[in-house]
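Data first, discussion second: the structure below is written as C-alpha cells.
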Amino acid sequence: MTAAAAPDAHPYLRAASAGIRHHARTLARGAPSAPPPPGDRLHLDVLHVHLITLHRLLDQLTESTRPPYPAAARHLAATRTRLWQATAEVHDAFHLLPTADTPAPDTSCRPERLPDGPPVLTICQRHLAAGHSVRRTTTPTDLNTPLHGHTTTCSQ
C-alpha cells in the first residue's frame with residue numbers, strides 16, 4: 001500500500017506535523033512591523049519533547065527495517081544520529097536562554113546540582129535518559145561527526 005493510496009495512514013504523525021507547521025507559520029507572521037520574538041525556554045522544552053519522541057520512532061523504524069532492507073536502515077540510522085545531534089543542540093540552547101528569574105543564562109546542565117525545577121529539571125532528565133539509549137546504539141565517532149558530514153544521493 002502506498003502513501004497516496006492510504007490518506008488516513010499514520011494520523012497522529014500527520015497531526016503532530018500539522019501542529020508544528022501551524023506554530024511555525026504563526027511565529028513567522030507575528031506583528032506586521034515587528035521581528036518575530038526570540039525563542040524561549042518553553043518553546044525549546046516542547047521542541048525537545050518532539051525531537052526525543054521522533055528519535056525513538058526512528059530507532060524503532062531503523063531496527064524493523066534493518067533485516068529486510070539493510071541499505072535503507074543505514075540511512076535511517078544516520079538520520080537517527082543526526083537527529084540526536086540536533087536534539088543535543090536544542091538542549092544546549094535551552095540552557096543558554098535566560099530564565100524568568102534571572103537575565104543571565106544558565107550555561108550548562110550540571111548533574112552535580114539539581115536545576116531549579118520544571119522545565120529545567122524535566123528537559124535535563126529527559127535528555128539524560130535518552131542519552132543512555134543513544135549510547136547503546138551509536139558510536140562516539142558517529143556522535144562527534146559534524147552535521148554536514150553526511151551526504152546522500154537520490155537513487156531513483
TODO: Principal axes first, then extents: for the Cα atoms of segment 1-99, list largest minus smallest coordinate on each axis, whole Å, largest first.
DONE: 52, 32, 17
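If I take every Cα pair under 8 Å that is 6 or more residues apart in segment 1-103, average their sequence separation and divide by the length, what percent do I get for the relative contact order?
Details: 48 pairs, mean separation 27.6, N = 103.
Answer for segment 1-103 is 27 percent.
Taking 0.36 nm per residue of sequence separation and subtracting the Cα-Cα distance, how much length would be gained by fully extending the chain between Thr138 and Arg74, in nm to one decimal?
Details: separation 64, 0.36 × 64 = 23.04 nm, distance 1.19 nm.
Net length gain for the segment: 21.8 nm.
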Open item on the list: Starting from the 7 Å offset along Cα-to-Cβ, what nm value, one decimal, do you get for the label separation of Ser17 and Gln125?
Closed with: 3.2 nm
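Which FRET efficiency value, to the nearest 0.05, is calculated for Thr26 and Thr99 with the Förster distance at 30 angstrom and r the Cβ-Cβ distance? Mind dumping the intermediate values first?
Values: r = 24 Å, r/R0 = 0.81.
About 0.80, to the nearest 0.05.
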- [ ] Translational diffusion coefficient, Stokes-Einstein: compute it for segment 27-77 using the Kirkwood radius over C-alpha pairs as Rh, at 37 °C and 0.692 mPa s, and state it as an integer in µm² s⁻¹.
- [x] 241 µm²/s
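Rule-based calculations on the coordinates, nothing more; no lab input. Just so you know, these numbers come straight off a predicted model, no measurement behind them. Cβ atoms come from the backbone with ideal geometry, glycine included; neighbour counts cover every protein chain shown.
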